[in-house]
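Beneath this line is the structure, given in structure tokens, with notes to follow.
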Number of protein chains: 4
Amino acid sequence: MLIVMKPTATEAEIDRVLEIVETLGFRPHIMPGASRTAIGITGNRGAVDRAHFENLPGVSDAIRVTKPYKLVSKDLRPERSVIKVGNGEIGGDELAMIAGPCAVENPDQVFEIAQVVAASGAKFFRGGAFKPRTSPYAFQGKGEEGLKILAEVRDQFGLNIVTEAMDEHGVDMVNKYGDCIQIGARNMQNFSLLKYVGKTRMPVLLKRGLSATLDELLLAAEYIMAEGNYDVILCERGIRSFGSHARNTLDLSVVPALHKITHLPVIVDPSHGTGRNYLVDPLARAGIAVGADGLIIEVHPCPEEALCDGAQALLPNQYLELYEQVKAIRKVLTPVAETVSV
Amino acid sequence: MLIVMKPTATEAEIDRVLEIVETLGFRPHIMPGASRTAIGITGNRGAVDRAHFENLPGVSDAIRVTKPYKLVSKDLRPERSVIKVGNGEIGGDELAMIAGPCAVENPDQVFEIAQVVAASGAKFFRGGAFKPRTSPYAFQGKGEEGLKILAEVRDQFGLNIVTEAMDEHGVDMVNKYGDCIQIGARNMQNFSLLKYVGKTRMPVLLKRGLSATLDELLLAAEYIMAEGNYDVILCERGIRSFGSHARNTLDLSVVPALHKITHLPVIVDPSHGTGRNYLVDPLARAGIAVGADGLIIEVHPCPEEALCDGAQALLPNQYLELYEQVKAIRKVLTPVAETVSV
Amino acid sequence: MLIVMKPTATEAEIDRVLEIVETLGFRPHIMPGASRTAIGITGNRGAVDRAHFENLPGVSDAIRVTKPYKLVSKDLRPERSVIKVGNGEIGGDELAMIAGPCAVENPDQVFEIAQVVAASGAKFFRGGAFKPRTSPYAFQGKGEEGLKILAEVRDQFGLNIVTEAMDEHGVDMVNKYGDCIQIGARNMQNFSLLKYVGKTRMPVLLKRGLSATLDELLLAAEYIMAEGNYDVILCERGIRSFGSHARNTLDLSVVPALHKITHLPVIVDPSHGTGRNYLVDPLARAGIAVGADGLIIEVHPCPEEALCDGAQALLPNQYLELYEQVKAIRKVLTPVAETVSV
Amino acid sequence: MLIVMKPTATEAEIDRVLEIVETLGFRPHIMPGASRTAIGITGNRGAVDRAHFENLPGVSDAIRVTKPYKLVSKDLRPERSVIKVGNGEIGGDELAMIAGPCAVENPDQVFEIAQVVAASGAKFFRGGAFKPRTSPYAFQGKGEEGLKILAEVRDQFGLNIVTEAMDEHGVDMVNKYGDCIQIGARNMQNFSLLKYVGKTRMPVLLKRGLSATLDELLLAAEYIMAEGNYDVILCERGIRSFGSHARNTLDLSVVPALHKITHLPVIVDPSHGTGRNYLVDPLARAGIAVGADGLIIEVHPCPEEALCDGAQALLPNQYLELYEQVKAIRKVLTPVAETVSV
């Protein structure tokens, strides 16, 4: 059930709706919008009786939701969401650039890259302290020590920190040191973890699973939002196919397909999406051209010595060139993006 | 590194090797075998010097492992592992049948099915108390209440309980009430969870992820074993493909491909592997014909009322017929299976 | 439109229906069955008026077909079709075994294998004279010279010849020398070729394309049948997926899924379906266990010297063992197969 | 074997090499380049002895080719090929736009669209007279009548005609009426057809198969080139995956991956690549941003009445907007494209 308030609805009228939802034993999710406020209801089994709401003062409409997702949907919030991450924004007019190394290795490596990223004008820094590795014998990340280095990057360079958590302990740590919790592709349907980050009030970067459908991705976001955390950024990072010229198959059609259904921002990860240095730049350009709200890019001063995923990292100067290119493409799009987004 | 002891090695000689491994700061994994004991070493970065071991009394050989996996490998243990689950065994001569409802719904439903399963001669009972559901609004399982019902099934019917855990809390609960922890397909690369179950001493049924390669499945098992829990059962449950005649594409070739590399037992789940009632029986037959060590089958007295996955559940009498058929096929295979397994 | 005749319908009554269909400018396809004859109509654009037929003597029913396929469907012919190939049958009670080398290389090679195949009791011999190869520089087959060798195999050993054609010229050649035209996976949607073989009166072995859905496979068969050739045998030979432990992913669930919809026989090719010698035997067993009507198996006395696909060929003694195993599994199934087929 | 001539080599010296290749019983393929001419050799079994060539006057180097493809490779021709199609070019500095209806339906429909396409400044017109349809009962195209309409479009509007052939007869027809033969995705490995178009001297637009790897696509082109037709344009049109938000998954990473290996131009088909009207525009932008040499786009004045694939056709004004956008993006790329192409 979705309650759409009149543009003229008062705060008291909205509060009255919230109260009734709670009295019925359900959970209200309030979504303020440009022209009107909507209230999503979860926690109900079966249909909610519209009669509870449709005649209340300030209520414009009470709509039954027939799609599997509610809170991610544009039905609830027709305009696109802009998510605040630290002092930056993802989903707004400006292209969001998140750059940094795959893994935090040591302060020198991190600061060297952070300097490049900050100088480029990007607002977000990435770097993993907890690394989900296919093999138990591969480098697993520096843990809290790595997060402290990232926190220093924020202090020194004013960059907002996006970093992955793999479990509840990791979420608590990232909550302490970072600005945005990344949930990796392999955890996209780790529903317990989704619920846990849903209980935090930190923005979540949710990566699409390797074989996740659009619906599954949206429902994973719905898991987070149903717990009351509405700051979710979706990320396409390549799906698994039969192809072998790239590590994954970057499915760019999912970006406009998601924008058609959801108000959440969508970014693209051409580094994991291709796994090959020489493919990152063209696919980053394509990601912005297709309408993504931002990019997440791996940068390393010395890719061949990287402890993780060196083959896909860009050199600092490659990163700077890429950034200029995608900003120019974004400029071409600007008037169109608005039309398309409706 | 893999230390192969002589068939004549004494316990003291074995202990001496374990001690040296620990002194070096590594972790020894002892694998007793029919003809000789082997000791796997993990925790090393880079190669271990063979000189530490090759001249010790009782040591036959010190072999560098070049494959990405160590403890799952037949190099460590040439004969197949037989895993004890409660008072039953998986991986031995007898086909292991695990049957029961998708989800624990209520005592009546569970006991009705358990009676059928026990009467059929199966030793293992399945039923989910924690359900990983694509939607946050779908039935999420009965939790501890469900586990208590399952514990009663064990007490009343002598069946060994196989049930899923989705997080650390769930693992603790299953450890308390069940006999075997199932890790679902969507958590196959939830590495934190794998490490956690690796620290228990309860057998683990590890389901292959929807787009996991053979190597990724083996390395997920390696995560568990590297923590000291060697009782892992692998399960093929269908991969994601373009096909739509079944919910998933059951990849039966992975069964002999796994048996070629690993000593761990491999079972097949034709219920999730097909998602359609009428396909469960033929694919169960095929799973046994291809050489699987067992099956996990969903049974429900009233599939159209099931709270979860009714479309793939068998009626009790369908299940009984299936069981007879697969036992007859298993009999045909018996002499071959031994040849194939080498 | 599908005209179902009464069990008591006379030949004259059937002829009258055929005549009317032709008068309307459509094409009638007569399908005699165990209990009644049915007549499929193709060539119509839009719906055919039932009034033309429903009151004719001998007509039981005139049914509008809403599925995309007509002639392949069990609606037209409820019982399974048994296809005559030379003096053998595919689709009947007996498991059909088609064995032989991938490519015809020379008379000695072919006769050596033919002797093994004939001695095993198999009725069908495979061997390619026209080889669809990924590279233009790979061995392309012996052409007509190869077909002459195959014709000699028939004369000497009484085996029925199944061999591939890749174009109209090849179809004419196979029509001259062989007993069954194979259409390879890469030509499954070569619609011009399908129409051309549809105009012959030779049985067609139609292999499923590497990424063909069940519907696409059935519609490819429909292309052949719409031209008047009703003797089509379907073949699952593996689909393309992300997996790398086998060359293809054998999708055995398609066998019962096809049997549910179509009256055509379905066989399995575990040689191309796996591409690895050690996987052929277990997947052949699984193919028969899942309910396939037969197998097509590559045999070579010296696989490492084969000009094509040696890695998947069985040695003669491996083939003989496999044949014994699958016959034993078939025996287990027999009563079930009948139930399943309805 | 690949013979690289010196930049100073005379025509006589080149002729001498060609002559020797032919004397050896092989086929020479001459590839003139900006700075030097190279000669590819096919038809050899096993290695060619370098001694035949390395000391000839004018020869710079004789290189053994170890990759599976020869003539498509940048080893043979380091600079990108520009293919002449009628009076237009594909692969050069200018973005190639091929637009038109899916199928030729009638003169009015075709001329209406042709007017839009010509007015937009595009040089190429698409439209199918022979349609490969999944069902034998779907509209199969107008055949020669359709081709005549297309020939009139060329006469009236000066557009160059790109149209599909499905068999030898179709190739002969297209050769008579059109400017470029399209080989559809389902015929990408119809090797007989590839050889046949290789014998024409008309440019070929070769679409990637639904599950074709990069190597398979290049080897399909190699089939055409080995017959002496070097004018091949590659086209990415979406691969088959598990996704369902679009009809196919457009794999844009294949564009730079192909450009890295081959000198042939690569275009993108976002119409078939997505199958949904609203996705065509963003994916067209992405296709150009990723570096494609052109686009092939379906346009229809009245998509809901189209006899074929209406769901993916653009309205004329949508097409015009798209064209403006992609030209603007192309302008952003221009300096980069050159760097990337090396």
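Summary of computed values
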read-out: Test: A:LEU150 is in contact (Cβ under 8 Å) with a residue 12 or more places away in the chain, in contact with a Lys or Arg (Cβ under 8 Å, 6 or more places away or on another chain) and over 29 Å from B:ALA138 (Cα atoms); value: no
read-out: Residue list for region B:103-128, filter: farther than 18 Å from B:LYS148 by Cβ and of a type in the set (A, V, I, L, M, F, W, C); value: B:VAL116, B:VAL117, B:ALA118, B:ALA119, B:ALA122, B:PHE124
read-out: Filtered residues of region B:258-315 (kept if more than 15 Å from the chain's Cα centre (by Cα), surrounded by 24 or more Cβ atoms within 10 Å (Cβ to Cβ) and among the acidic types (Asp, Glu)); value: B:ASP281, B:GLU298
read-out: Filter pass, A:GLY92 being out of contact with any helix residue (DSSP H, G or I) (no Cβ under 9 Å at 6 or more places or on another chain), surrounded by 19 or more Cβ atoms within 10 Å (Cβ to Cβ), in the same structural domain as A:ALA226 (by TED's automatic domain parsing) and more than 30 Å from B:ALA138 (Cα to Cα); value: no
read-out: Pairs with Cβ under 9 Å, 6+ apart, first in region A:117-140 and in contact (Cβ under 8 Å) with a residue 40 or more places away in the chain, second among the basic types (Lys, Arg) and not in a loop (DSSP other than H, G, I, E, B); value: A:VAL117/A:ARG126; A:GLY121/A:LYS327; A:ALA129/A:LYS148; A:PRO132/A:ARG186
read-out: Any hit, region C:258-268, residues being closer than 30 Å to B:LEU218 by Cβ, at the interface with chain B (Cβ under 7 Å from one of its Cβ atoms), touching a helix residue (DSSP H, G or I) at 6+ places or on another chain (Cβ under 9 Å) and not basic (Lys, Arg); value: no
read-out: Condition met for A:GLY86 (surrounded by 22 or more Cβ atoms within 10 Å (Cβ to Cβ) and at positive phi); value: no
read-out: Single residue of region C:143-182 satisfying the filter (among the charged types (D, E, K, R) and in contact with a Gly (Cβ under 9 Å, 6 or more places away or on another chain)) that is farthest from C:VAL197 (Cα to Cα); value: C:ARG154
read-out: Where a residue in region D:93-110 is under 25 Å from D:ILE83 (Cα atoms) and its partner, wherever it lies, is modelled with pLDDT under 95 and part of a helix (DSSP H, G or I), with Cβ under 8 Å and at least six apart; value: D:ASP93/D:THR334; D:PRO101/D:GLN109; D:CYS102/D:GLY310; D:CYS102/D:GLN312
read-out: Pairs where the first residue, in region A:237-257, is more than 7 Å from chain D (Cβ to nearest Cβ) and the second is basic (Lys, Arg), C-beta under 9 Å, 6+ apart; value: A:ARG237/A:LYS207; A:ARG237/A:ARG208; A:GLY238/A:ARG208; A:GLY238/A:ARG247; A:ARG240/B:ARG240; A:ARG247/A:ARG276; A:ASN248/A:ARG237; A:ASN248/A:ARG240
read-out: Where A:VAL21 falls short, out of the listed (1) surrounded by 16 or more Cβ atoms within 10 Å (Cβ to Cβ); (2) at positive phi; value: (2)
read-out: Flag if B:GLU304 is in contact with a Ser or Thr (Cβ under 9 Å, 6 or more places away or on another chain), more than 13 Å from every other protein chain (Cβ to nearest Cβ) and over 27 Å from B:VAL65 (Cα atoms); value: no
read-out: Flag if C:THR66 is within 12 Å of chain D (Cβ to nearest Cβ) and of a type outside the set (A, V, I, L, M); value: no
read-out: Qualifying residue in region D:26-46 (condition: part of a loop (DSSP other than H, G, I, E, B), crowded, with 20+ Cβ neighbours inside 10 Å and touching a helix residue (DSSP H, G or I) at 6+ places or on another chain (Cβ under 9 Å)); value: yes
read-out: Hits in region C:198-220 - residues which are touching a helix residue (DSSP H, G or I) at 6+ places or on another chain (Cβ under 8 Å) and within 13 Å of chain D (Cβ to nearest Cβ); value: C:GLY198, C:LYS207, C:ARG208, C:GLY209, C:LEU210, C:ALA212, C:LEU214, C:LEU217, C:LEU218, C:ALA220
read-out: Residue in region C:232-245 that is surrounded by fewer than 24 Cβ atoms within 10 Å (Cβ to Cβ) and of a type in the set (A, V, I, L, M, F, W, C) present; value: yes
read-out: Any hit, region C:72-83, residues being modelled with pLDDT of 95 or more and touching a Phe, Trp or Tyr at 6+ places or on another chain (Cβ under 7 Å); value: no
read-out: D:GLU19, sole failed condition from (1) assigned to a helix (DSSP H, G or I); (2) within 30 Å of D:VAL266 (Cα to Cα); value: (2)
read-out: Residue, nearest to D:PRO136 (Cα to Cα), within region C:172-210, restricted to residues that are surrounded by 21 or more Cβ atoms within 10 Å (Cβ to Cβ) and of a type in the set (Val, Ile, Thr); value: C:VAL197
read-out: Flag if A:ARG186 is assigned to a loop (DSSP other than H, G, I, E, B) and basic (Lys, Arg); value: no
read-out: Answer from D:ALA99, D:ALA119 - the residue that is hydrophobic (A, V, I, L, M, F, W, C), surrounded by fewer than 23 Cβ atoms within 10 Å (Cβ to Cβ) and at pLDDT 95 or above; value: D:ALA119
read-out: Test: residue in region D:53-74 that is in a strand (DSSP E or B) and closer than 16 Å to D:GLY121 by Cα; value: no
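The values are calculated or read from the model by the stated rules, or taken from the named source; none is laboratory data. In this text, all values refer to a predicted model and were calculated from it rather than measured experimentally. As a convention, Cβ positions derive from the backbone with ideal geometry for all residues, glycine included, and neighbour counts pool all protein chains shown.
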